[in-house]
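Quick notes on the structure that follows.
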């Protein structure tokens, strides 16, 4: 069964350092999402791609976060510099229509 | 904007008890509605969905009916198992990304 792949599963970084997360969506899914989930909360959208184009990045803190989906397949989310408040689960999802399929997420801890 | 409100947890039930987790939504149009489940340390898995009014989504003994008149999509299960212990998220989508509720933690005890 096809899955959304994310790496790494866990990341510990010091504040002010740069960190990057990678996502490989299910083959053929044109839409890709990055969500952030703070412990005890629901996921919140950071950015949505349709193929290689950004559809919605209104909630992405652009002073420190960036996202790209070159060639419209896999995607990278970067944080630079990381802050303590960035500690969260970062979830990638892909979708062929309205139903989203999620990866296992990257748990980021900023110390 | 679109939003979802779900009952706060944690919910603690004994095995074989009846489960209801309430979810109401606010939307400008006609969204699709979803329930996702998240097990500890894992990503979200789609549990069930409904795309129009009066549709009933069902999976693994869970059910939810899209009620336009009450803007609700309550999750129910007749007899819960210990393995159902997880966090449940109600979500909606209106031609765009999913909007999630805050989640309801369920603990089922033997």
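None of the figures in this text is laboratory data; all of them are computed from the coordinates on show. Because the structure is a prediction, the values reported are computed rather than measured. FYI the Cβ positions are ideal-geometry reconstructions off the backbone, even for glycines, and counts take in every protein chain you see.
Using the beta-carbon distance between residue B:8 and residue A:99 and R0 = 22 Å, what value does 1/(1 + (r/R0)^6) give for FRET efficiency, to the nearest 0.05?
0.25
At R0 = 25 Å, how high is the FRET efficiency between residue A:20 and residue A:73 if r is their beta carbon distance? Nearest 0.05 is fine.
0.90
Could you calculate the contour length gain from residue B:46 to residue B:26, that is, 0.36 nm times the residue separation minus the distance between their Cα atoms, to one decimal place in nm?
5.1 nm
Under the definition of Cα pairs under 8 Å and six or more residues apart, what whole-number percent is the relative contact order of chain B?
Details: 294 pairs, mean separation 41.3, N = 110.
Averaging sequence separation for qualifying contacts and normalising by length gives 38 percent for chain B.
Let me understand chain B better: what is its radius of gyration from the alpha carbons, and its Dmax, in angstrom?
Answer for chain B, Rg first and Dmax second: 13.2, 43 Å.
Need one value for A:88-98: mean number of C-beta atoms belonging to other chains within 10 Å of its residues' C-beta atoms. Before the final figure, lay out the partial values.
Working: counts 0, 4, 0, 3, 1, 4, 0, 3, 0, 4, 12.
Going residue by residue through A:88-98 and averaging, the value is 3.
Using Cα centres only, tell me the gap between segment A:1-73 and segment B:1-61 in whole Å.
Segment A:1-73 and segment B:1-61 have Cα centres spaced 24 Å from each other.
Exposure proxy check: A:107, A:64 ranked by fewest other beta carbons within 10 Å?
Numbers: A:107 17, A:64 14.
By the 10 Å Cβ count, ascending, the order reads A:64, A:107.
If you count, for each residue, the other Cβ atoms within 10 Å and average over each peptide, how do B:38-47, B:14-23 line up from highest to lowest?
Values: B:38-47: 17.0, B:14-23: 14.9.
Put in order of decreasing packing, that is B:38-47, B:14-23.
Calculate the spin-label point distance for residue A:84 paired with residue A:12, positioning each point 7 Å from the Cα along the beta-carbon direction, and give it in nanometres.
That separation, rounded to one decimal, is 1.7 nm.
How high is the FRET efficiency between residue A:38 and residue B:54 when r is their beta carbon distance and R₀ equals 35 Å, given to the nearest 0.05? Before the final figure, lay out the partial values.
On the way: r = 35 Å, r/R0 = 1.00.
Calculated value: 0.50.
For segment A:17-60, what are Rg and Dmax over the alpha carbons, in angstrom?
Answer for segment A:17-60, Rg first and Dmax second: 11.8, 34 Å.
With the contact rule set at Cα under 8 Å and sequence spacing of 6 or more, what percent relative contact order holds for segment A:34-111?
27
For the ranges B:68-74, B:31-37, A:30-36, A:46-52, what's the packing order if you count other beta-carbon atoms within 10 Å of each residue, average per peptide, and put the highest first?
Averaged packing, sorted descending, gives the order B:31-37, A:30-36, A:46-52, B:68-74.
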